[in-house]
Amino acid sequence: MPSVSITFVTLHVRESAQAVPLAAATIVAALPTKHCPQTRLVDAYLTQSDEEILAKVIQNIPEIAEHIPCISFSLYVWNKQRTLSLAHSLRQLYPCATLLVGGPEATACPQSLIELQLFDGVIAGEGELIFPAIIEALLNNQPIPDATLSAAPPVDMTQQVSPWLSGILQPQHGVLWETARGCPFNCAFCYDARGSYGVREIPLQRLEQELQLFDQANVAQVWVLDSTFNYPAERGKKLLRLLAKYAPHCHFHLEAKAEFLDEETVDLLQQISCSVQVGLQSCRPAVLRHINRTLDINVFSSKVQMLSAAGITFGIDLIYGLPTDDVQGLRDSINFALQFYPNQIEIFPLALLPGTKLHEVKERYALQAQEEPPYNVISSASMTGEQLLQCDKLAAATSIFYNTGRAMAYFLPLCQACNLTALEFVEFFAQWLESDGKDQVGAWWMLDWSAQQVLNMQQRFILQLFATHGVEHLSSLALDVIFLNSCWSDTLIGVETVVQPQLVEQLDEQTLLEQPWQLSSTVSIQKFSYPIDELSCIDDFDLIEMYETMQPCASTGLFLRHGEQVFCESIDDIFAILLTGSNNSQTPIQILASFAAVLSRQECLELVAFAVSEGLLVSETD
């Protein structure tokens, strides 16, 4: 009897903690165990060449006599074109193979995929039930069941096999975690509410077991795949209690609807490490009505202010190009969203996704969009292509300064110092980028800027902006605040500094003082124009008041992280010279020789011993 070798190919955007083949693994978990030994999961990335990806796929197709190779693809907006190209190549290499495709793009537009005559089966909908039937059909030389004429049947989540608990997936640094399927809402631009299945919850017992597994595996980040975890509110609270109880060391990424937040939910969010993304899309209720959403500005404001006041890390999503919206609508929405001090603001162009309700009524709004992914709208009855380009630039300028520049802590104080609204500030930055970015290769709003590049931009821009608005006397203080925040953020996401008091106990005086050391790569030492100990103690600040009460005084700051806490300490010149001079070429005695008149050998020993025990100085072999 012939056998089937099954290869699932998932093409991710890039290597990251989120590059987890959850969809493919969930289908593998649903297969009869007899198929598992001949089943492979292949992860590939858009950053790889076609040749690299093909070689990886071919390597994972077992060479078994009298077997039927079955190659299945997960199709998403971001990987559609590359996946189709890959499938064409594999069809030529394996003309007798069975090629299958599923995923959101296959569900949205199955007929267009069928017309390509590339795939033997197009799975529209959930694949756990139909895929095993396809494999059985192949084994019995029968026609493949048609999963495209109507959506594949919904899965009973109480019977679904966990890809995590079954060992199909091994939890690593980050995991994608499914807690429910479906969506109770029916937003016209979104895939999530396709079908009529409502929200189907995964049983609590399974969620508890998966959380315990993640905690035992020291998983750092968990992306919760639930489009509105807090609806209804009690369901969200039940989930948050599980997170706190069974995985207290994980950081959870959640998506919430602001209207259903309440004090108890916010209290529970404070008990875990988390970030919450809130979908606003537009601050104009009249615009939102056209995509089947509602908005009470006062309710939204009060709910989001609860997150901000509680210190919850949160972001706000906006979409431009929505039916009847215009450039002023995006301007209003940015200005509205930034007043809440979000940790980030994500601004997307409208994607007119095939299969959505908005796609069905696109003529009503004269929506014109790209025919291929990402399906972005290029014009509408209310926005020309040029106006959408204005929105592209405004969204990019906001993201560059606020998100990549990690400006949440100081953005509004900078605006207030210049007597500008948040929107005016962003627009000045966009204008500055237009001038400053003329020599860049490619359009500035389409480039991928690093945090260091943006820091340099921010510093140059602030000098010009403050001079233009007659507050250049605040520039030095503003630059210190920006740089302090950058150092703090880099330290938070960097590697932890490990203390080593036992090492000092093992070393004698001569070794400590007369062997070269080097500054740990986990430690940062930076110069400031104002006292770093005063700067680092200010949370809610007014730049003008700071200038009036704080005297400029050069200082040196030391940054390091222990656990989840960042430490910023002011250090004196002697200690700074010892640390920065330690580069494996000089001994402490040599570095501090110029201070011999004021620093005894015993004092030198104490400085070095402290630096080594705190993990600031390490030996070359560490």
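The values are calculated or read from the model by the stated rules, or taken from the named source; none is laboratory data. Remember, predicted model here, so these are calculated numbers, not experimental data. Don't worry about glycine lacking a Cβ; one is built from the backbone with ideal geometry, like all the others, and counts go over all protein chains shown.
Tell me which residues, restricted to the range 407-453, are over 19 Å from residue 342 (Cα atoms), in contact (Cβ under 8 Å) with a residue 12 or more places away in the chain and either among the aliphatic types (A, V, I, L, M) or assigned by TED's automatic domain parsing to the domain that holds residue 314 (or both).
417, 430, 433, 446
Just one of 587, 580 is surrounded by 12 or more Cβ atoms within 10 Å (Cβ to Cβ), in contact (Cβ under 8 Å) with a residue 24 or more places away in the chain and under 19 Å from residue 494 (Cβ atoms); which is it?
Details: 587 fails: under 19 Å from residue 494 (Cβ atoms).
Result: 580 is the single residue among 587, 580 that is surrounded by 12 or more Cβ atoms within 10 Å (Cβ to Cβ), in contact (Cβ under 8 Å) with a residue 24 or more places away in the chain and under 19 Å from residue 494 (Cβ atoms).
Does the range 207-261 hold any residues that are polar (S, T, N, Q), in a loop (DSSP other than H, G, I, E, B) and more than 30 Å from residue 295 (Cα to Cα), and which are they? So that I can check it myself, show each step before the final result.
Of the residues in the range 207-261, the ones polar (S, T, N, Q) are 209, 212, 216, 218, 221, 227-228, 230.
Retained after the next criterion (residues that are in a loop (DSSP other than H, G, I, E, B)): 218, 227-228, 230.
The one that is polar (S, T, N, Q), in a loop (DSSP other than H, G, I, E, B) and more than 30 Å from residue 295 (Cα to Cα): 218.
Name the single residue that is farthest from the chain's Cα centre (by Cα) among those in the range 355-374 being surrounded by 20 or more Cβ atoms within 10 Å (Cβ to Cβ) and not in a helix (DSSP H, G or I).
Step by step, filter the range 355-374, then rank; the result is 367.
Here are some residues: 477, 492. Which one is crowded, with 16+ Cβ neighbours inside 10 Å, in a helix (DSSP H, G or I), touching a residue at least 12 places away in the same chain (Cβ under 8 Å) and not charged (D, E, K, R)?
Numbers: 492 fails: crowded, with 16+ Cβ neighbours inside 10 Å.
Answer to the check: 477.
When you scan the range 500-535, how many residues do you find that are within 13 Å of residue 613 (Cα to Cα), assigned to a loop (DSSP other than H, G, I, E, B) and at pLDDT below 95? Before the answer, list the steps.
Narrowing the range 500-535 to residues within 13 Å of residue 613 (Cα to Cα): 500-507, 512, 517, 519-520.
Now narrow it down to the ones that are assigned to a loop (DSSP other than H, G, I, E, B): 500, 507, 517, 520.
Keeping just the survivors that are at pLDDT below 95 gives 500, 507.
Residues that pass the stated criteria total 2.
Filter the range 408-422 down to residues that are out of contact with any Cys (no Cβ under 9 Å at 6 or more places or on another chain) and over 16 Å from residue 308 (Cβ atoms) and give me whichever is surrounded by the fewest Cβ atoms within 10 Å (Cβ to Cβ). First the steps, then the outcome.
Initial filter on the range 408-422 (out of contact with any Cys (no Cβ under 9 Å at 6 or more places or on another chain)): 408-420.
Filter again for over 16 Å from residue 308 (Cβ atoms), leaving 414-420.
On the way: 414: 22, 415: 20, 416: 16, 417: 23, 418: 20, 419: 10, 420: 17.
Among those residues, the one meeting the criterion is 419.
Among the numbered criteria (1) under 29 Å from residue 192 (Cβ atoms); (2) at pLDDT below 95, which single criterion is violated by residue 344?
For residue 344, the exception is condition (2).
Only one of these conditions is not met by residue 113: (1) part of a helix (DSSP H, G or I); (2) surrounded by 15 or more Cβ atoms within 10 Å (Cβ to Cβ); (3) at pLDDT 95 or above. Which number is it?
The single condition residue 113 does not satisfy is (3).
Out of the range 8-38, which residues are surrounded by fewer than 18 Cβ atoms within 10 Å (Cβ to Cβ), assigned to a helix (DSSP H, G or I) and touching a helix residue (DSSP H, G or I) at 6+ places or on another chain (Cβ under 9 Å)?
36
Might you let me know whether the range 536-545 holds any residue that is outside the structural domain of residue 309 (by TED's automatic domain parsing), surrounded by fewer than 12 Cβ atoms within 10 Å (Cβ to Cβ) and either assigned to a helix (DSSP H, G or I) or at pLDDT 95 or above (or both)?
Within the range 536-545, one or more residues are outside the structural domain of residue 309 (by TED's automatic domain parsing), surrounded by fewer than 12 Cβ atoms within 10 Å (Cβ to Cβ) and either assigned to a helix (DSSP H, G or I) or at pLDDT 95 or above (or both).
Residue 508: touching a helix residue (DSSP H, G or I) at 6+ places or on another chain (Cβ under 7 Å), in the same structural domain as residue 587 (by TED's automatic domain parsing) and surrounded by fewer than 19 Cβ atoms within 10 Å (Cβ to Cβ), yes or no?
On the way: touching a helix residue (DSSP H, G or I) at 6+ places or on another chain (Cβ under 7 Å): no; in the same structural domain as residue 587 (by TED's automatic domain parsing): yes; surrounded by fewer than 19 Cβ atoms within 10 Å (Cβ to Cβ): yes.
In short, no.
Six or more apart or on different chains, Cβ atoms under 7 Å: show the pairs whose first residue is in the range 10-33 and at positive phi and whose second is at pLDDT 95 or above and in a helix (DSSP H, G or I).
none
For the range 581-619, enumerate the residues that are of a type in the set (Ser, Thr, Tyr), closer than 15 Å to residue 523 by Cβ and not in a loop (DSSP other than H, G, I, E, B). Give the derivation first.
Here is the first cut: in the range 581-619, the ones of a type in the set (Ser, Thr, Tyr) are 582, 585, 587, 594, 600, 613, 619.
Next, from what is left, pick out any that are closer than 15 Å to residue 523 by Cβ: 582, 613, 619.
Result: 613, single match.
Which residues, taken from the range 220-253, are among the β-branched types (Val, Ile, Thr) and either farther than 18 Å from residue 313 by Cβ or surrounded by fewer than 23 Cβ atoms within 10 Å (Cβ to Cβ) (or both)? Let's see the steps before the verdict.
Within the range 220-253, the subset among the β-branched types (Val, Ile, Thr) is 222, 224, 228.
Listed by number, the residues that qualify are 224, 228.
Just to confirm my filter: which helices (runs of 4 or more DSSP H) fall fully inside the range 279-349 and include at least 3 residues that are of a type in the set (Lys, Arg) and either free of Cβ contacts under 8 Å to residues at least 24 places away in the same chain or buried (at least 18 other Cβ atoms within 10 Å of the Cβ) (or both)? Spell out how you get there, then give the answer.
On the way: elements: 285-288, 297-309, 327-338.
So the answer is none; nothing clears 3.
Looking at residue 559 and the list (1) within 30 Å of residue 471 (Cα to Cα); (2) part of a loop (DSSP other than H, G, I, E, B), which single condition is not satisfied?
Failed condition: (2).
Across the range 330-374, what is the total count of residues that are closer than 16 Å to residue 258 by Cβ and acidic (Asp, Glu)? Lay out the reasoning, then the answer.
Keep residues of the range 330-374 that are closer than 16 Å to residue 258 by Cβ, which gives 333, 336-346.
With acidic (Asp, Glu) added as a condition, the list becomes 346.
The number of residues fulfilling the criteria is 1.
Going by the structure shown, is residue 189 touching a helix residue (DSSP H, G or I) at 6+ places or on another chain (Cβ under 7 Å) and either of a type in the set (Gly, Ala, Ser) or under 23 Å from residue 294 (Cβ atoms) (or both)?
Working: touching a helix residue (DSSP H, G or I) at 6+ places or on another chain (Cβ under 7 Å): yes; either of a type in the set (Gly, Ala, Ser) or under 23 Å from residue 294 (Cβ atoms) (or both): yes.
So residue 189 passes the test.
Quick one: would you say residue 459 is surrounded by 15 or more Cβ atoms within 10 Å (Cβ to Cβ), polar (S, T, N, Q) and closer than 30 Å to residue 523 by Cα?
Details: surrounded by 15 or more Cβ atoms within 10 Å (Cβ to Cβ): yes; polar (S, T, N, Q): yes; closer than 30 Å to residue 523 by Cα: yes.
The answer is yes for residue 459.
Among the numbered conditions (1) under 32 Å from the mean Cα position of the chain (by Cα); (2) touching a residue at least 40 places away in the same chain (Cβ under 8 Å); (3) assigned by TED's automatic domain parsing to the domain that holds residue 20, tell me where residue 132 comes up short.
(1)
Given the options 41, 54, 86, name the one that is in contact (Cβ under 8 Å) with a residue 40 or more places away in the chain and assigned to a helix (DSSP H, G or I).
Exactly one of 41, 54, 86 is in contact (Cβ under 8 Å) with a residue 40 or more places away in the chain and assigned to a helix (DSSP H, G or I), namely 86.
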